[in-house]
Amino acid sequence: MKDNYDVIIVGAGPGGSVTARHTAEAGLKVLLLEKRQEIGTPKRCGEGIGYAVLDRLGYKRDERFVCHHIDGGIMYAPSGKALEIPGGDGGAVIERKVFDKFLAYDAAKAGAEIQVKTEVTGLLRDNEGKIAGVDAVYEGKKYQIRAKIVVASDGIESKIGRMAGLKYSNDLVSVVSGYQYEMANIDIENPNKLYFYIGRKIAPRGYIWIFPKGLHVANVGIGIGGSHEKTAKQYLDKWIENTDSVKKGAIIEENAGAIPIGNFLEKMTLDNFLAVGDAAHQVNPVHGGGLAEATYAGVLAAKAIVDAIKAGDTSAEGLNEYNVLWWNERGNQLRRVEKVVKAYENMSDEALDLISNAITGNDVVDLSDGRSAKLMKIILKNPRLLGLAKYLK
Ligand SMILES: Cc1cc2nc3c(=O)[nH]c(=O)nc-3n(C[C@H](O)[C@H](O)[C@H](O)COP(=O)(O)OP(=O)(O)OC[C@H]3O[C@@H](n4cnc5c(N)ncnc54)[C@H](O)[C@@H]3O)c2cc1C
């Protein structure tokens, strides 16, 4: 580890590693710091990913981290009605522990230095108070490392984003609590489908999922929004208790984690600083998937960093290209998705049943992409749903 870099990236999750790879490929001196002793472990993820994302990253569909191929999904409404969701280009349930390392291998291959077991504890500031590097601790020893730009890719907790002064909303409603078991010896109706179970009674303002990693192995998890009498784990345990095909299984891994939902940051840049991935709330709010968003944003962030360093202007203004690109390519669409989520969060089980009787699996895909015209039509036709219209405007 040297004491001066072009870019220091805090957190070697997917967002951080992709940013590191693309900045290093452009010839910048890059340091990627990760507080955990092993990249990718423990996972906090259902591990579902679309093939389009792997294609974009340049990975093959049978790479070592792909556990199981997926060709669509089934969504169960509270009434038990099943909606078959088309699979599009298909996808996979992956092994995050392997995937995250693949991303880090590629960053290293491009020339980035990587240092694990190194926690960033603070930000260095220059005489004008602008960010100039990081304080880090490795094996009890403190280091001060300088850089032209610091990237916060330290996940949802993002202490670094807060220290830097990014304007996060304090709205707890915009965070979903997740809990998940990886379970073996369960029965899965069709192991090539992802399963989603919705309903306020089983998973208020969220859903329960089964993401198969093999014929009888799956991530079985829950995300719930807001605060309730029971915890996410208690809701999940109750559902498993009532689901014979899953109840008989053995738990081989247990994870908890939060997922940012909406409340995107208008500006993800400050002088000499930007944020990527969960640290910038870049998650699709309808299903909580953040792998696609963190890796997409990593590429955009790297472009803006390289351009800013070339131009000799790493101020917030100099890095603004990142805000512009992200809002144009992802943010505006995700904001439309956020509206759908707001409507969903306010649906009773009765409303969910009424709506799921009137839509198809294709409509579910449209909704998860923020296209809500059909839902609006259904709402406007049904006096019992009218109260939901305001969320979609
Ligand atoms: C229960 C659950 C299920 C999910 N399921 C899916 C799914 O199926 N598909 C999907 O696409 N997304 C899913 N997600 C979301 C997905 O996991 C995240 O969006 C994704 O990991 C974000 O990547 P990231 O690089 O932004 O952050 P992270 O993957 O969180 O990486 C942040 C890294 O920063 C490190 N770090 C933190 N602080 C410091 C510090 N001070 N110094 C050094 N290192 C630091 C952390 O150790 C970590 O390695 C799920 C999330 C949860 C909680």
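The values are calculated or read from the model by the stated rules, or taken from the named source; none is laboratory data. Keep in mind that what you see is a predicted model, and the values were worked out from it rather than measured. Reconstructed Cβ throughout: ideal geometry from the backbone, glycine too, with neighbour counts over all protein chains shown. We work out accessible area using only protein heavy atoms, side chains counted, and drop any ligands, DNA or RNA first. Shrake-Rupley method; radii C 1.70, N 1.55, O 1.52, S 1.80 Å.
Just to be sure, is Gly88 at pLDDT below 95, under 22 Å from Asn219 (Cα atoms), outside the structural domain of Ala279 (by TED's automatic domain parsing) and assigned to a strand (DSSP E or B)?
When the stated conditions are applied, Gly88 passes them.
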- Query: Got a number for residues in segment 352-393 being on the phi < 0 side of the Ramachandran plot, open to solvent by less than 40 Å² (accessible area, probe 1.4 Å) and among the small types (Gly, Ala, Ser)?
  - Reply: 5
- Item | Hey, Ala152 surrounded by 16 or more Cβ atoms within 10 Å (Cβ to Cβ) and more than 9 Å from the ligand (Cβ to nearest atom) or not | no
- Query: So which of Pro42, Pro78 is in contact with a Leu (Cβ under 6 Å, 6 or more places away or on another chain) and either open to solvent by 30 Å² or more (accessible area, probe 1.4 Å) or among the hydroxyl-bearing types (Ser, Thr, Tyr) (or both)?
  - Reply: Pro78
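Out of the helices (runs of 4 or more DSSP H) lying entirely within segment 244-356, which hold 2 or more residues that are of a type in the set (Gly, Ala, Ser) and more than 14 Å from the ligand (Cβ to nearest atom)?
On the way: elements: 244-247, 291-311, 320-326, 332-345.
It comes to 291-311.
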- Task: Hey, could you check segment 9-64 for residues that are in a strand (DSSP E or B) and over 23 Å from Pro86 (Cα atoms) and say which is farthest from the ligand (Cβ to nearest atom)?
- Result: Val30
- Counting only residues that are in a loop (DSSP other than H, G, I, E, B), under 18 Å from Pro78 (Cβ atoms) and away from the ligand (no atom under 11 Å from the Cβ), how many does segment 190-225 have? 8
- Residues located in segment 130-149, provided they are surrounded by 17 or more Cβ atoms within 10 Å (Cβ to Cβ) and of a type in the set (A, V, I, L, M, F, W, C): Ile131, Ala132, Val134, Ala136, Ile145, Ala147, Ile149
- Give segment 104-119 a look and list any residue that's surrounded by fewer than 20 Cβ atoms within 10 Å (Cβ to Cβ) and either touching a Gly at 6+ places or on another chain (Cβ under 6 Å) or charged (D, E, K, R) (or both), or say none. Lys109, Glu113, Lys117, Glu119
- Item | Matching residues, segment 120-129, being open to solvent by less than 40 Å² (accessible area, probe 1.4 Å) and under 26 Å from the mean Cα position of the chain (by Cα) | Val120, Gly122, Leu123
